[in-house]
Amino acid sequence: MAQIGYSEKVMKHFMNPRNVGTIDNPDGYGKVGNPVCGDLMEMFIKVEDDVITDIKFRTFGCGSAIATSSMVTEMAKGMHIDEAIKITRADVADELEGLPPQKMHCSNLAADALRAAIRDYLARKEKRAKG
Ligand code: FES
């Protein structure tokens with residue numbers, strides 16, 4: 001594995017991913033496909049007072065997608081949605097101490113799915129506000 005340039009941290013998250021699964025009745029749900037490889041990612045969030053209290057993901061993506069999603073969910077848990085929506089694939093790759101260049105597109109999935117879930121939450125909130 002080291003030969004293809006995965007950091008130890010990537011390997012740790014890949015072998016033992018955090019927050020895998022689904023959430024019943026999530027406050028926000030996002031699903032995105034990766035145009036490069038066709039893999040899918042789903043993200044579920046629970047939100048209280050605009051803070052992400054719980055987050056889970058499910059993916060058909062590769063090892064890098066699993067590792068980056070695991071990392072994203074750890075970063076986002078406990079974060080205000082205004083902050084979480086700004087998490088970029090670069091932040092995630094940095095946290096993971098880098099990804100091989102040919103795998104950078106995989107980290108899009110996690111950050112994009114999180115943003116989709118937050119947008120879904122915001123849309124539902126607006127709908128509720130309008131009654
Ligand atoms: Fe598809 Fe990595 S190759 S997510």
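Of the residues Asp82, Asp39, the single one that is of a type in the set (Asp, Glu) and away from the ligand (no atom under 16 Å from the Cβ) is Asp82. How many residues does the stretch 44-70 hold that are touching a Pro at 6+ places or on another chain (Cβ under 9 Å) and within 14 Å of the ligand (Cβ to nearest atom)? Residues that pass the stated criteria total 6. The criterion of at least 2 residues that are open to solvent by 60 Å² or more (accessible area, probe 1.4 Å) is met, among helices (runs of 4 or more DSSP H) falling completely within the stretch 1-97, by 8-15, 81-84, 89-95.
Just one residue in the set Ala123, Ala111 is closer than 21 Å to Lys46 by Cα, within 16 Å of the ligand (Cβ to nearest atom) and not in a loop (DSSP other than H, G, I, E, B); that residue is Ala111.
The values are calculated or read from the model by the stated rules, or taken from the named source; none is laboratory data. If you're wondering where the values come from, they're calculated on a predicted model, not measured in any experiment. Glycine also receives a Cβ, built like all others from the backbone with ideal geometry; neighbour counts cover every protein chain displayed. Remember, those area values only see protein heavy atoms, side chains included, never the ligands or the DNA or RNA. Shrake-Rupley method; radii C 1.70, N 1.55, O 1.52, S 1.80 Å.
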